[in-house]
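Novice: Below you'll find the structure I mean.
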Amino acid sequence: MKTVPTIAAARAELKARRTGTIGLVPTMGALHAGHLALFQAAREECDTVVASLFLNPAQFNNAADLAAYPRDEARDAALAEEAGVDILFAPAATELYPTGFATWIEPAGVAEGLEGAYRPGHFRGVATVCVKLFSIIQPDIAYFGRKDAQQVAVIKQVVRDLNLPLEICVVPTVRDSDGLALSSRNVRLSPEDRATALAIPQALATHDPDAARRVLTAAGIEPEYVAIADLDGPTLAVAATVGSTRLIDNVLL
């Protein structure tokens, strides 16, 4: 695996690989089995697999959340290499957002409501960094997890609306044996909080917003939202804070 920290180095490394299929897996690090499923899907379909490792400050509307986000680049690099990633693009924030950066992608439509309402500016940051990654890497296919269903829908909308020449591949949510959706934030849950958080997949299993809210309330969780939205099909989505950790999850109906 070749690790490249700059845009110029990434483009140079990819120049000789353009004859084959290039797959991109964007990540913010803190890799887990959900990311490994994305790497595996890309490895099975593409000649070259590129993973980005970039904790995108532009998609955080809460400075404390950004500061608390887990970081271990050496571990992430080792996991990516073991999973068969060919190129790890690991830029500094100043590489993607240099001094004077002032151009943003402002998605509407599916970006409104749910996360868009509770995290102002979040999807602006997501859309902008993804368009930048698509421009730098120029992948044939980019891989995203279904766990972030609204994010996936936003990215698909951006690709469609801007006529970007790539395919978006969505990989099913990966869950622990207890049903909790894998998330980089799960490491911040105490044992007690994790036990409480299991009410989230149990609530989603009802496939009904009112029943789901009752399950969460009974567990002592006051959700930010429990709602059905069209996210590549009717989807029951939940966001809730357990302890000090904000979690999201969803199920396709």
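Novice: Does the stretch 104-116 hold any residues that are of a type in the set (A, V, I, L, M) and surrounded by 14 or more Cβ atoms within 10 Å (Cβ to Cβ), and which are they?
Specialist: Ile105, Val110, Ala111, Leu114
Novice: Given Ile228, Ile248, which one is assigned to a strand (DSSP E or B) and surrounded by fewer than 20 Cβ atoms within 10 Å (Cβ to Cβ)?
Specialist: So the residue among Ile228, Ile248 that is assigned to a strand (DSSP E or B) and surrounded by fewer than 20 Cβ atoms within 10 Å (Cβ to Cβ) is Ile228.
Novice: Is there any pair with a first residue in the stretch 201-221 that is closer than 22 Å to Gly243 by Cα and a second that is among the hydroxyl-bearing types (Ser, Thr, Tyr) and in a helix (DSSP H, G or I) whose Cβ atoms are under 9 Å apart and which are 6 or more apart or on different chains, and what are they?
Specialist: Ala219/Thr196; Gly220/Thr196; Ile221/Thr196
Novice: Whether any residue in the stretch 12-24 is of a type outside the set (Phe, Trp, Tyr), closer than 21 Å to Thr94 by Cβ and under 20 Å from the mean Cα position of the chain (by Cα) is what I want to check. Before you say what the answer is, go through the steps one by one.
Specialist: Let us first name the residues in the stretch 12-24 that are of a type outside the set (Phe, Trp, Tyr), namely 12-24.
Checking the rest, the ones that are also closer than 21 Å to Thr94 by Cβ come to 12-13.
Applying the additional criterion that residues be under 20 Å from the mean Cα position of the chain (by Cα) yields none.
Within the stretch 12-24, not a single residue is of a type outside the set (Phe, Trp, Tyr), closer than 21 Å to Thr94 by Cβ and under 20 Å from the mean Cα position of the chain (by Cα).
Novice: Within the stretch 163-192, count every residue that is part of a loop (DSSP other than H, G, I, E, B) and either open to solvent by 90 Å² or more (accessible area, probe 1.4 Å) or β-branched (Val, Ile, Thr) (or both). First the steps, then the outcome.
Specialist: Here is the first cut: in the stretch 163-192, the residues part of a loop (DSSP other than H, G, I, E, B) are 163-166, 172-174, 176-180, 182-183, 189-190.
From what's left, either open to solvent by 90 Å² or more (accessible area, probe 1.4 Å) or β-branched (Val, Ile, Thr) (or both): 163, 165, 172-174, 177.
Of the residues in that region, 6 qualify.
Novice: Tell me, please, whether a residue that is more than 30 Å from Thr21 (Cβ to Cβ), surrounded by 15 or more Cβ atoms within 10 Å (Cβ to Cβ) and among the hydroxyl-bearing types (Ser, Thr, Tyr) can be found in the stretch 137-150. If you could, list the steps in order and put the result at the bottom.
Specialist: Step one: filter the stretch 137-150 for residues more than 30 Å from Thr21 (Cβ to Cβ), giving none.
Checked against the condition, which is being more than 30 Å from Thr21 (Cβ to Cβ), surrounded by 15 or more Cβ atoms within 10 Å (Cβ to Cβ) and among the hydroxyl-bearing types (Ser, Thr, Tyr), the stretch 137-150 yields no hits at all.
Novice: Also, quick follow-up: Checking the conditions here, which among Thr241, Thr235, Thr196 is farther than 21 Å from Ala33 by Cβ, free of Cβ contacts under 8 Å to residues at least 24 places away in the same chain and open to solvent by less than 70 Å² (accessible area, probe 1.4 Å)?
Specialist: Thr241
Novice: Enumerate the helices (runs of 4 or more DSSP H) found wholly within the stretch 92-162, keeping only those where 3 or more residues are in contact with a strand residue (DSSP E or B) (Cβ under 6 Å, 6 or more places away or on another chain) and modelled with pLDDT of 95 or more. Step through it out loud before you land on a result.
Specialist: Values: elements: 93-96, 115-118, 122-137, 149-161.
It comes to 149-161.
Novice: What are the residues in the stretch 58-67 that are in a loop (DSSP other than H, G, I, E, B) and either open to solvent by 70 Å² or more (accessible area, probe 1.4 Å) or touching a Phe, Trp or Tyr at 6+ places or on another chain (Cβ under 6 Å) (or both), if any?
Specialist: Answer for the stretch 58-67, where residues must be in a loop (DSSP other than H, G, I, E, B) and either open to solvent by 70 Å² or more (accessible area, probe 1.4 Å) or touching a Phe, Trp or Tyr at 6+ places or on another chain (Cβ under 6 Å) (or both): Asn61, Asn62.
Novice: Now, a different point. Mind checking which residues of the stretch 68-88 are open to solvent by 30 Å² or more (accessible area, probe 1.4 Å) and either part of a strand (DSSP E or B) or within 18 Å of Leu14 (Cβ to Cβ) (or both)?
Specialist: Of everything in the stretch 68-88, those that are open to solvent by 30 Å² or more (accessible area, probe 1.4 Å) and either part of a strand (DSSP E or B) or within 18 Å of Leu14 (Cβ to Cβ) (or both) turn out to be Glu81, Asp86.
Novice: Let me ask something else about it. How about the stretch 128-173: which of its residues are among the charged types (D, E, K, R) and farther than 21 Å from Leu36 by Cα?
Specialist: Lys132, Lys156, Arg160, Asp161
The values are calculated or read from the model by the stated rules, or taken from the named source; none is laboratory data. The structure displayed is predicted, hence computed values, not measured ones. For neighbour counting, all protein chains shown are included, and Cβ atoms are generated from backbone atoms with ideal geometry for every residue, glycine included. Surface accessibility is based on the protein's heavy atoms, side chains included, excluding ligands, DNA and RNA. Shrake-Rupley method; radii C 1.70, N 1.55, O 1.52, S 1.80 Å.
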